[in-house]
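Participant: Sending over a structure as structure tokens; questions will come in a sec.
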Amino acid sequence: DTEVTQTPKHLVMGMTNKKSLKCEQHMGHRAMYWYKQKAKKPPELMFVYSYEKLSINESVPSRFSPECPNSSLLNLHLHALQPEDSALYLCASSQDTGNYGYTFGSGTRLTVV
Amino acid sequence: GNSVTQMEGPVTLSEEAFLTINCTYTATGYPSLFWYVQYPGEGLQLLLKATKADDKGSNKGFEATYRKETTSFHLEKGSVQVSDSAVYFCALSDRPYSGGGADGLTFGKGTHLIIQP
């Protein structure tokens, strides 16, 4: 299995809703990442988990809450989002340092109404 | 800090034309360099990579050489096809001088490539 699987592919949520994005990989990768991508922009790093511990938080607002239940799963919990949070959310994984490549999922297209 | 600079598009070419997309970088450690491609509505796919100076990455007719002396990693293809139309991102992953750890990718702004039949 050489894929990163993200669910759901599309999500529409209201500003008072609570939802979660899910990411799964079975490549034995020990680092997992959340990126946010706005239209016509490059992905922006949000969080890095290394060996199931949060190692990087790029000053992301607390309405985004990551969770890594085990080495294969990564969640992003969403609460009280704003319309400007609408974007493509990408999950990626890599071997421990990432210097040999990152595998990206196809993303969740999030719309906040 | 780390940064990647690449030509922004859109770049419009005719089918079978020669392609070059320039990419230069700054990094504090020993970076690995990548080209990723993104088709409309999809995630990013790794196109090719190089992990040390003078390495050449190649895939699907695309190639790029890691040039430490010019801090560059230009993407080239000899004959493009309509199916190559996509957004191309140059990126780096830096290794610190000591220790390790995952640090994520630093991306360029992306180049939108349009190939006309």
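Participant: Taking 41 Å as R0, compute the FRET efficiency from the Cβ-Cβ separation of A:TYR100 and A:LYS18 and round it to 0.05. Show your work: numbers first, answer last.
Facilitator: Working: r = 36 Å, r/R0 = 0.89.
Result of the calculation: an efficiency of 0.65.
Participant: Sticking with this structure for a sec: In debye, nearest 20, what is the charge dipole magnitude of chain A about its Cα centre with +1 on Lys and Arg Cβ and -1 on Asp and Glu Cβ, if you could check?
Facilitator: 380
Participant: Right, another one. Calculate one ³J(HN,Hα) per residue across region B:70-86 by plugging θ = phi - 60° into the Karplus curve 6.51 cos²θ - 1.76 cosθ + 1.60, and present them in order as whole Hz with x for glycine and proline.
Facilitator: Working through the residues one at a time gives 10, 6, 10, 8, 6, 8, 9, 8, x, 8, 7, 10, 4, 5, 7, 4, 4 Hz.
Participant: Can you pull out the trypsin sites (Lys or Arg not before Pro) in region A:13-68 that DSSP calls coil and that have at most 14 other Cβ atoms within 10 Å? Walk me through the numbers before you get to the answer.
Facilitator: On the way: sites: A:LYS18, A:LYS19, A:LYS22, A:ARG30, A:LYS36, A:LYS38, A:LYS40, A:LYS53, A:ARG63; in loops: A:ARG30, A:LYS38, A:LYS40, A:ARG63.
Listed in order of number, the matching sites are A:LYS38, A:LYS40, A:ARG63.
Participant: Same structure again: Between B:VAL82 and A:LYS41, with labels modelled 7 Å along Cα→Cβ, what's the label distance in nm to one decimal, could you check?
Facilitator: Going by the 7 Å Cα→Cβ label model, 3.3 nm.
Participant: Also: Go through the cysteines of the protein assembly as shown and tell me which have no other cysteine Cβ under 4.7 Å away.
Facilitator: A:CYS68
Participant: Let me ask something else about it. Using modelled backbone amide H atoms (1.01 Å from N, in-plane), which distant-in-sequence or interchain residues come within less than 5 Å of B:GLU15's amide H?
Facilitator: For B:GLU15, whose amide H was placed from the backbone, the distant partners under 5 Å are B:GLN116.
Participant: Could you give each residue of region B:58-67 its phi-based ³J(HN,Hα) in whole Hz, using Karplus coefficients 6.51, -1.76, 1.60 with θ = phi - 60°, and x for Gly or Pro?
Facilitator: With the stated coefficients, region B:58-67 comes to 8, 5, 6, x, 8, 8, 8, 10, 6, 10 Hz.
Participant: Relative to the Cα centre, what is the charge dipole magnitude of chain B, using +1 at the beta carbon of each Lys and Arg, -1 at the beta carbon of each Asp and Glu, and rounding to the nearest 20 debye? Before the final figure, lay out each step's value.
Facilitator: Numbers: 9 positive and 12 negative charges, 56 e Å.
Here the size comes out at about 280 debye.
Participant: Rounded, prolate or oblate, given the Cα gyration tensor of chain A, with a/c below 1.5 counting as rounded?
Facilitator: Because a/c hits 1.5 or more and a/b exceeds b/c, chain A counts as prolate.
Participant: Amide H neighbours of B:CYS23 under 5 Å, counting only residues 5+ apart in sequence or on other chains, H built in-plane at 1.01 Å?
Facilitator: Long-range HN contacts for B:CYS23: B:PHE73, B:HIS74, B:LEU75.
Participant: Rounded, prolate or oblate for region A:7-48? Axes are the square roots of the Cα gyration tensor eigenvalues, ordered a ≥ b ≥ c, and the cut-off for rounded is a/c under 1.5.
Facilitator: Oblate is the answer for region A:7-48, as a/c is 1.5 or above yet b/c matches or exceeds a/b.
Participant: Please say if the protein assembly as shown is rounded, prolate or oblate, where rounded means a/c under 1.5 for a ≥ b ≥ c the square roots of the C-alpha gyration tensor eigenvalues, and otherwise the choice is prolate for a/b larger than b/c and oblate otherwise?
Facilitator: Oblate.
Participant: On to the next question. Using θ = phi - 60° and the Karplus relation 6.51 cos²θ - 1.76 cosθ + 1.60, list the HN-Hα couplings for region B:19-32 in order, rounded to whole Hz, with x at every Gly or Pro.
Facilitator: Coupling constants for region B:19-32: 10, 9, 10, 7, 8, 10, 9, 10, 8, 8, x, 10, x, 9 Hz.
Participant: Taking amide hydrogens as modeled 1.01 Å from N in the peptide plane, which residues meet the under 5 Å criterion relative to A:SER86, leaving out close sequence neighbours?
Facilitator: Placed amide hydrogens put A:VAL112 under 5 Å from A:SER86.
Participant: Under 10 Å, Cα contacts only: if you run a Gaussian network model on chain A, which one of A:SER65, A:SER50, A:SER93 comes out with the highest mean-square fluctuation?
Facilitator: Evaluated over chain A, the most mobile residue of the options is A:SER65.
Just so you know, all these numbers are worked out from the coordinates, no wet-lab data involved. The structure presented is a predicted model; accordingly, all values stated were derived computationally and were not measured. Positions of Cβ are backbone-derived with ideal geometry, glycine not excepted, and every protein chain shown enters the neighbour counts.
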